[in-house]
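The values are calculated or read from the model by the stated rules, or taken from the named source; none is laboratory data. Here the structure is a predicted model, which is why all the values come from computation and not from measurement. A quick note on method: Cβ atoms are made from the backbone with ideal geometry, for glycine too, and the neighbour counts reach across all protein chains shown. What goes into the accessible areas is simple: the full protein's heavy atoms, side chains included, and nothing from ligands, DNA or RNA. Shrake-Rupley method; radii C 1.70, N 1.55, O 1.52, S 1.80 Å.
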Amino acid sequence: MTRPTVHPETPRVAVASGCVLGEGPVWDQRTGTLLWVDIKGEAVWRFEPGTGASMSLPVSERVGFIALTEDPDVMIAGFKSGLARLHLPSGRREPLVQPEPDQPGNRINDGHVGPDGNLFFGTMDDDGKEPTGRFYRWDGKRLETFGKSFVVTNGPAVSHDGRTIYTVDSPGRLIYAHDLDEGRPGPARPFVRFEEGWGHPDGMAIDAEGHVWVCHWGSSRITRFAPDGEPERVVPVPTAQVTKCAFGGPDLTTLYIATAGIGRDPHIDPMAGHLFSVETGIRGLPAYIARV
């Protein structure tokens, strides 16, 4: 295995949000804003880098991810109770689908919109103990599951060329790749196995060169993996629980990084739960619009 380079710039705090479990950053190019969620803080956050303004919207339920729709004021949100349209200015919700009515202990975790506008997302045991989590594909009409069952699912993320989708078994420290055939994921094959000392793989982002940027829960960093699974660079992050990243900014070269404060001593880890940003010099992919 090649030795990765260390990114020359350290991420800085973009928003001192202090999230309990910050997750799911998404850049909206239309409005020049970054949106992300605090799953256990039950809130959706919004940040305008141009003005420095930020705000949070209480949603009174655990929310795992948000995805863009054709209306910049409306998101698809993955609540514990199921998928719903969320009107940001008012907080109004329109329920869409409940993927697991027979699993009341589960909740929706991470999600991603593919280039075709279909939604991919995972579920997990809310207590993080039982392997009841699954991955799903939803086109607005049919809900299909794929892959194995896990305790904690993370990802998914579609490659730059739309031919591969990556998924994560966080407790198992394993990232999988699935070939996409007409938008449907095929069987899983191992992509990267996290070594001891790396923490656990969490959320990820794909850049325009096809590299995969994976956040390390419990290990204060992000690793950029080449398409063959070799680590290319490491971005140190000044807090332990790094959850998910997304490219943003006018040229999509700014990496925004969500983190979690849950279980951290603020005297030891004072920046836990904040949103960070760092310039990468590498262009990312735009967030796609959910057409469901």
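Search segment 58-76 for residues being buried (at least 18 other Cβ atoms within 10 Å of the Cβ) and closer than 22 Å to Ala14 by Cβ, and hand back the single one that is farthest from the chain's Cα centre (by Cα).
Val59
Restricting to segment 135-167, name every residue that is modelled with pLDDT of 95 or more and either of a type in the set (Phe, Trp, Tyr) or closer than 18 Å to Ile39 by Cα (or both).
Within segment 135-167, Phe135, Tyr136, Trp138, Phe146, Phe150, Val151, Val152, Thr153, Asn154, Pro156, Tyr166 meet the criteria.
Among the residues of segment 256-285, what is the count of those that are within 21 Å of Ala205 (Cβ to Cβ), open to solvent by 40 Å² or more (accessible area, probe 1.4 Å) and either outside any strand (DSSP E or B) or without any contact (Cβ under 8 Å) to a residue 12 or more places away in the chain (or both)?
Going through segment 256-285 one residue at a time, the tally reaches 3.
Arg137 passes all but one of (1) charged (D, E, K, R); (2) in contact (Cβ under 8 Å) with a residue 12 or more places away in the chain; (3) out of contact with any strand residue (DSSP E or B) (no Cβ under 7 Å at 6 or more places or on another chain); which number fails?
Of the numbered conditions (1) charged (D, E, K, R); (2) in contact (Cβ under 8 Å) with a residue 12 or more places away in the chain; (3) out of contact with any strand residue (DSSP E or B) (no Cβ under 7 Å at 6 or more places or on another chain), the odd one out for Arg137 is (3).
Do we have any residue at all in segment 99-110 that's within 19 Å of the chain's Cα centre (by Cα) and open to solvent by 40 Å² or more (accessible area, probe 1.4 Å)?
Checked segment 99-110: no residue is within 19 Å of the chain's Cα centre (by Cα) and open to solvent by 40 Å² or more (accessible area, probe 1.4 Å).
Considering only segment 206-223, state which residues are within 16 Å of Ile165 (Cα to Cα) and more than 13 Å from the chain's Cα centre (by Cα).
Those that are within 16 Å of Ile165 (Cα to Cα) and more than 13 Å from the chain's Cα centre (by Cα): Asp207, Ala208, Glu209, Gly210, His211.
Looking at segment 9-27, I want the residues that are surrounded by fewer than 24 Cβ atoms within 10 Å (Cβ to Cβ) and have a partner that is acidic (Asp, Glu) and not in a loop (DSSP other than H, G, I, E, B) with Cβ atoms under 8 Å, at least 6 apart or on another chain. Which pairs are those?
Partner pairs satisfying both residue conditions: Glu9/Glu279; Ser17/Asp38; Val20/Asp38; Leu21/Asp38.
For segment 42-53, check the following and say yes or no: at least one residue is on the phi < 0 side of the Ramachandran plot, basic (Lys, Arg), surrounded by fewer than 19 Cβ atoms within 10 Å (Cβ to Cβ) and in contact (Cβ under 8 Å) with a residue 24 or more places away in the chain.
yes
Any chance you could count how many residues in segment 192-202 are open to solvent by less than 20 Å² (accessible area, probe 1.4 Å) and not in a loop (DSSP other than H, G, I, E, B)?
3
Quick one: is Leu35 under 15 Å from the mean Cα position of the chain (by Cα), open to solvent by less than 10 Å² (accessible area, probe 1.4 Å) and at pLDDT 95 or above?
Against the criterion (under 15 Å from the mean Cα position of the chain (by Cα), open to solvent by less than 10 Å² (accessible area, probe 1.4 Å) and at pLDDT 95 or above), Leu35 qualifies.
Which pairs turn up if I take residues in segment 153-170 that are under 21 Å from Gly133 (Cα atoms) and look for partners that are not in a strand (DSSP E or B) with beta carbon separation below 6 Å, at least 6 apart in sequence or on another chain?
Qualifying pairs under 6 Å: Asn154/Ser170; Val158/Gly114.
Find all pairs meeting these conditions: Cβ atoms under 8 angstrom apart; at least six residues apart or on different chains; first residue within segment 219-230 and farther than 17 Å from Gly197 by Cβ; second residue aliphatic (A, V, I, L, M) and modelled with pLDDT under 95.
Glu230/Met1
Hey, any hits in segment 70-91 for a residue that's outside any loop (DSSP other than H, G, I, E, B) and of a type in the set (D, E, K, R)?
yes
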